[in-house]
Structures are given as C-alpha cells and as structure tokens.
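Student: Take a look at the following structure, please.
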Amino acid sequence: MCGIVGIVGQDAVADGLIEALRRLEYRGYDSAGIATLEHGRLERRRAEGKLVNLRTRLEESPLTGTIGIGHTRWATHGRPNETNAHPHATARLAVVHNGIIENFRELKAELQGHGVRFESETDTEVVAQLVSHLMDGGLDPVAAVAAALPRLRGAFALGFVFAGHDDLLIGARHGAPLAIGFGQDKSGGGETYLGSDALALAPFTEEITYLEEGDWAVLSRAGAEIHDLSGAVVLRERQRIVAQAFRVEKGNHRHFMGKEIHEQPEVVGRTLAHYVDLSQGRVALPEALPFDFRDLSRLSITACGTAYYAGLVAKYWFEKLARLPVEIDVASEARYREPPLERDGLTLVISQSGETADTLASLRYAKAQGQHTLAVVNVPTSTIAREASAAVPTLAGPEIGVASTKAFSCQLTVLLCLAIAAGRARGTLSAEAERGLVDALITVPGLMADALQREGEVEGLAREIAKARDVLYLGRGTAYPMALEGALKLKEISYIHAEGYAAGELKHGPIALIDESVPVIVIAPHDAIFEKTVSNMQEVAARGGRIILIGDAKGAAAAGLDTMATVTMPDLDPVVAPIVYAVPIQLIAYHTAVFMGKDVDQPRNLAKSVTVE
Ligand code: F6R
C-alpha cells in the first residue's frame, strides 16, 4: 500500500516523479504529493484524490527542483485529505512513507513532550518530526536518520530529502520493498532514483538494486551507499530489468482490467509453455524444488483474496490428482493461528504482488517451523519470491487493474501443473492420465479465447445484474471457490453486495435470501456432480429465484430449467474448467461495473498491493 519514489536528477524532477507515481497508483490513490528542493528550500504540492488532481495543482503552481520525492497514498492513519497527504515535512526535511509505524502514538507523545506540534493525523508525521528533532539536537541528516530508524517499529519503506542538501536523498527499507535505480540524463550526467518497485523506475533506468530487509541507503547523483541494519556499508547486487516487460499502456481498451481479461489466452499460454513439455505430453517444472512430493504427508496453502481462492481450487486438484491432504487458510488467520507444521513439510504461498504483508508473514512463520516454502508468484523480484525456498512464476506480466484477473488464471494454471507433477511423483497419476491432463491443459488458451467471444452476451446480462442489490453465486467442487471469486470480483468493483456459497450449503441458511430480486449465478460445468447442482438450482427456481447459468450446452440441456440467462461455455475437461470459467466470471463483474459507471481499475478503498496487515 502506498507508493514512494525519489529522484536526484540533473533537470527538474517533477514530471519524472509524476510519471513514476502514475505507475505506482495501483498501490493506492487516496491522495498524492511531491516535494522538491527549490533554491535550497523544500516546497510541496499535495492533492486529495487521484494523481490527476496533483497534476492540475502542479500546472497551476509548478515546481522546478532537481531533487525530490513523491507519494501516492492508500490511507491507513487519518482520512484521505490533503493535510494527511504525503510528503510530510518540517522546515528541515520532507519524508514519504509506505507501511505503518506501529509505535507512532508513543513517539508522538514523546515529541509533543519536547514541544513538537503536529499538523496531520498520520503515523508518518512522527518520522518527519523525529528526524527533525534529532537534527535540532545537532545531528547531520544521515546521522539523524540512522539514529531514528531503530526507534521505529512496524513495516515500512521511507524516502527523505533535506532542505539545503541538493545532492542527498535517503531511503530505508524495513518490511516494505524499496529499489534504487542508477541512470544518466541525456547529456550523461549521473542520476539516482528510489522507488517502491521496478515498475516505477522503468521509465528512467534498467539498472536497479533491491534493498534488503533492514537496509538504508544514501543516494546522490554519483550513486548510492547502502548500509545494512548494523550500519555497515554493504554491496548489493545490481540487476537489469527489461523495460519492455514494464509497459503499462491500455492499448485499445478502456480499462486495464478489460485489457488484462483479454490478455488471458496469451499469458496462460505463455505460463503453460513454461511448465509443460509438449513433445513428451508431460509437466516439466523448470525450477528445481528443494523437496520431494513423495515425502509429504500434508500440504499447507496460504494466501489472501483472489490468490486464496486460487489456492482453494488447488486443494481439490492436489487431493484428487496427488492424493495429498491439503490444509488451507487465509494468511491473516494462518499467521496468528500458529498452526503446528511438520518439519520438512511444505507450505505453498500464492501471491500476485509477492509483497502481501500477511502472506509474507505466513511464509516466514512456515520457514521458522522448518518447512519448505514454495511461492507461486507473479513478480519474480518480490520479497515473497526471494524469501521462499523455491519460487515458481506465473507469467502474467504486470497486472495494473486492482481486481486480479490474468494473475488469477495464471495462478490456477501453475497450480494445476504442480498438482499433476505431485501426482506423478506420488504414483497416483499414470503417464497416460498425465498425458490426458496435459492434452486438456493445452486446449485452455483456445477455450479462453472462445469464452471471450461471449462478451457481447455478458454485456447485456450485466445491465440486468446492475439493477440488483444482492447477487448470489453458487458452485460445487472447484466451481465453489469460483463462486467465491465471482462474488468477490463483483462486489469489489461494482459495490453490489454479492456472496458465494457451496451450492449444497444453500439450504442451510442462505436460501432465505432468495426471491425474484436476487440474481443467482450458478457456475456449473457438466461434470460428475452436475446433477447435484441441478437439484440446488431447482430449489432456487421453486422459490422464484432468477438463475443465471454459466455452463456448457450439454449441461444447459440436461438441466432443462427456465433460467434468466445462460452463458454457454465451450465443452471441456472439467479439470481445467476453473481456468476457463474465470473469463465469464470476470466479464460479468467488469461489464456490470462499467455499465454502472464505476471506476473499475481503481475501485474505492482498495489498493493493488497490500503491504499492511
Ligand atoms: C481481488 C484481489 C485481491 C488480491 C489479494 C492478494 O481482485 O486482487 O483480493 O488477490 O489482495 O494479493 P496478492 O496476490 O498480491 O498477494
């Protein structure tokens, strides 16, 4: 949550800061701000709401400084207004912050005891005031930051600039990611950059260094000096990023979400090509795994949100194909539940961003218990990817829309490949069965393209759904987690209340909600338990409920029900159905929200990367 950026440049940096913030807006968009050094004095421009408001503010009142910091906010402490917007500043310095300072009340009270006055409700302002206070006591900026950092508790990343110091920017990482970029302006003068991720730095440079946990760095035009937690100067590897991989344009689409839904046949195909040996008709994992599936008595999965639902689908796959018992929990519960985990067992974490605070904490808990950890992750340079004992990538490319779409289908693809590999290793899948599954898998990109052909139909349906106050989603087997995902997708971008249920669970309570005003979206490929779902649809129909069936022609004919609508899906092997059925589920949410005029790429109160608990 929150994106931070800093530039020590040769020319005015305001435009560069704004460009980087545009790329970081997925992390939060409650407010934005920048600070630059104007003739030795710090000047800020801040605005409530999206970046466009800050842009307007800067047009009215430009900044020309050649060193500066910027921030885009997802509010944690204090309302999303201009006073609480970053950078926070004193006469001596300005600071931008991502994360939470847990002991800010304590520090605030202490500083107030010294007569310090606060103007915002944020935790961040204590950092500005603390460093300023230490400088009042005679410390120079570097010494003051070094003295302040050990006093801060919580997970955070920080960027500082100082009045009167035209060639000094300090960054610090403690629990939230931070990268340094190294580049040059057009005439070859040195420039150095700081950013929450490589995406933010991609317009300026291809050469970056990720700070490690506890690192802090002193940046100047000549480069960066990095210190570890103990204060010792350390060398950290420089990496090349491929700027091409960080293109963030919408192309012909109105929204990133629409574009990302349509990219799925391509990115799922790319992910499959990474994990499947087509010539042999078998799964071939290129990443070495530091454990053997044969040795496992249980698999623990943990993740948040949509990634958690991908894990829930995988539970069915691992249990069926590899006969491996799976325990799964949302990471915010798993991390505090302190589940007993066997030494040398396996914990699987799933994350698009690779930075989700609760998922990372669960991973660390599992490691501390002596477990192997395997991460299914979309950002290969992320903290989770780096800390897990092994990481297997989803090759979805950057996902910008806040609602996860293509990352989800790529997660499912990787998870199914892993379940097949586990089945082979454990002797529960014959070579022939594996070939059958691989044959089914390789049809998936084409089937997703077919499913995208139903878009016009779904668009019409969305106009009806938009009238509803509540929507129910039902499914059995792997369609149950898909029902949960469908409901999450709809509520997060359209703000219509939606719930997903296991179809068989309906009669245990939720059926009381059914009347003609509640659309019931039933996800039901024609699989072995289809008949059971039909019985549940009958129960809905008998109570006047309006059914929208997402299923294949065979199922629709067999059900013989009067539905409000049917989204007809292609025939497929039910094992791969979740990956293909993700498409109509996403399209329903997308078109409902677009029809309702909602901001689908940046829904209210949300952010793409959840680096706070
Ligand atoms: C919903 C959504 C979120 C994320 C969740 C985990 O559309 O995107 O529920 O799935 O915040 O994020 P990652 O996968 O980055 O750990």
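The values are calculated or read from the model by the stated rules, or taken from the named source; none is laboratory data. What you see is a predicted model; the values in this text were computed from it and never measured. All Cβ positions, glycine included, derive from the backbone under ideal geometry; neighbour counts span all protein chains shown. Only protein heavy atoms, including side chains, enter the accessible area calculation; ligands, DNA and RNA are left aside. Shrake-Rupley method; radii C 1.70, N 1.55, O 1.52, S 1.80 Å.
Student: Taking the alpha-carbon centroid of each part, what is the distance from segment 473-501 to segment 392-418 in angstrom?
Tutor: So the two Cα centres are separated by 18 Å.
Student: Moving on. Probe radius 1.4 Å, ligands and nucleic acids left out: which of 417, 304 has the largest accessible area, and how do the rest follow?
Tutor: Of 417, 304, the descending order of accessible area is 304, 417.
Student: Follow-up question, since we're still on this one. Could you give the length gained by full extension between residue 292 and residue 249, i.e. 0.36 nm per residue of separation minus their alpha carbon distance, to one decimal place?
Tutor: 11.3 nm
Student: So who's got an amide H within less than 5 Å of the one on residue 569, skipping anything under 5 residues away but keeping other chains? H placed 1.01 Å off N, in plane.
Tutor: 551, 552, 553
Student: Right, next: Using the alpha-carbon atoms, what tilt in degrees (0 to 90, nearest 10) does helix 577-595 show relative to the longest principal axis of the chain?
Tutor: 60 degrees
Student: Quick one: grab the alpha carbon gyration tensor of segment 471-570, order the square roots of its eigenvalues as a ≥ b ≥ c, and give me rounded if a/c is under 1.5, else prolate or oblate depending on whether a/b is larger than b/c.
Tutor: Since a/c stays below 1.5, the shape of segment 471-570 is classed as rounded.
Student: When we measure straight from the Cα of residue 315, which lysines land under 26 angstrom away, once same-chain ones fewer than 8 places off are left out?
Tutor: 367, 406, 489, 491, 507, 532, 608
Student: Then there's this: Using each residue's phi in segment 95-111, evaluate 6.51 cos²θ - 1.76 cosθ + 1.60 at θ = phi - 60° and report the 3J(HN,Hα) Karplus result to the nearest Hz, with x for Gly and Pro.
Tutor: Using θ = phi - 60°, the values come out as 9, 10, 8, 10, x, 9, 8, 5, 9, 5, 5, 4, 5, 5, 4, 4, 5 Hz.
Student: So for the pair residue 52, residue 495, with labels modelled 7 Å out along Cα→Cβ, what separation do we get in nm?
Tutor: 1.7 nm
Student: Please label the shape of segment 546-606 as rounded, prolate or oblate, based on the square roots a ≥ b ≥ c of the eigenvalues of the alpha-carbon gyration tensor (a/c under 1.5 means rounded; beyond that, a/b larger than b/c means prolate, else oblate).
Tutor: oblate
Student: Please give me, ordered by residue number, the trypsin sites (Lys or Arg not before Pro) of segment 84-183 that lie in loop per DSSP and have at most 11 other Cβ atoms within 10 Å.
Tutor: In loop regions of segment 84-183 (DSSP not H, G, I, E or B), the sparsely surrounded trypsin sites (Lys or Arg not before Pro) are 117.
Student: If you count only protein heavy atoms with a 1.4 Å probe, what accessible area per residue comes out for segment 1-112, rounded to a whole Å²?
Tutor: 36 Å²
Student: Toward the positive end of the charge dipole of segment 444-588, about the Cα centre and with charges on Cβ (Lys, Arg +1; Asp, Glu -1), which of 575, 525, 495 goes farthest?
Tutor: Sorting the options by dipole projection puts first 495.
Student: When the chain is fully extended, how far beyond the present Cα-Cα distance does residue 167 get from residue 212, taking 0.36 nm per residue of separation?
Tutor: Using 0.36 nm per residue and subtracting the Cα-Cα distance, I get 13.9 nm.
Student: Another question about this same structure. Please report, as a whole percent, how much of the solvent-accessible surface of the chain comes from carbon and sulfur atoms (probe radius 1.4 Å).
Tutor: C and S atoms contribute 48 percent here.
Student: Hey, what's segment 127-280 come to in accessible area per residue, 1.4 Å probe, Å²?
Tutor: Counting only protein heavy atoms, the per-residue value for segment 127-280 is 42 Å².
Student: Taking amide hydrogens as modeled 1.01 Å from N in the peptide plane, which residues meet the under 5 Å criterion relative to residue 301, leaving out close sequence neighbours?
Tutor: Correct list: 327, 328, 329, 348.
Student: FRET efficiency for residue 338 and residue 153, Cβ-Cβ distance as r, R0 = 30 Å, nearest 0.05?
Tutor: Efficiency at R0 = 30 Å is approximately 0.90.
Student: Next question. Through the Karplus equation 6.51 cos²θ - 1.76 cosθ + 1.60, θ set to phi - 60°, convert the phi angles of segment 59-69 into ³J(HN,Hα) values in whole Hz; use x for Gly and Pro.
Tutor: Taking θ as phi minus 60°, the curve returns 5, 5, 9, x, 10, 10, x, 9, 9, x, 10 Hz for segment 59-69.
Student: Follow-up. Rounded to the nearest Å, what's the spacing between the alpha carbon centres of segment 194-268 and segment 523-567? Just the number, please.
Tutor: When both Cα centres are located, 46 Å separates them.
Student: Assuming 0.36 nm per residue, please report the length gained on full extension of the stretch residue 82 to residue 60 beyond their Cα-Cα distance.
Tutor: Length gained, residue 82 through residue 60: 6.3 nm.
Student: DSSP loop (so not H, G, I, E, B), at most 16 other Cβ within 10 Å: list which chymotrypsin sites (Phe, Trp or Tyr not before Pro) in segment 443-513 pass both filters.
Tutor: Here the chymotrypsin sites (Phe, Trp or Tyr not before Pro) that fit, given the DSSP loop and packing criteria, are 495.
Student: Looking at segment 472-535, which GluC sites (Glu not before Pro) are in a loop (DSSP not H, G, I, E or B) and have at most 13 other Cβ atoms within 10 Å?
Tutor: Answer in residue order: 516.
Student: Please list, ordered by chain and number, the residues whose modelled amide H lies under 5 Å from the amide H of residue 38; skip anything fewer than 5 residues away on the same chain.
Tutor: Hits under the 5 Å cutoff: 43.
Student: While we're on this one: Give the accessible surface of segment 527-613 per residue, rounded to a whole number of Å², with probe radius 1.4 Å and ligands, DNA and RNA excluded.
Tutor: 37 Å²
Student: When the Karplus curve 6.51 cos²θ - 1.76 cosθ + 1.60 is applied with θ = phi - 60°, which whole-Hz ³J(HN,Hα) does each residue of segment 298-314 get, with x for Gly and Pro?
Tutor: Result, rounded to whole Hz: 6, 10, 9, 10, 8, 5, 10, x, 4, 5, 5, 5, 4, x, 5, 4, 4.
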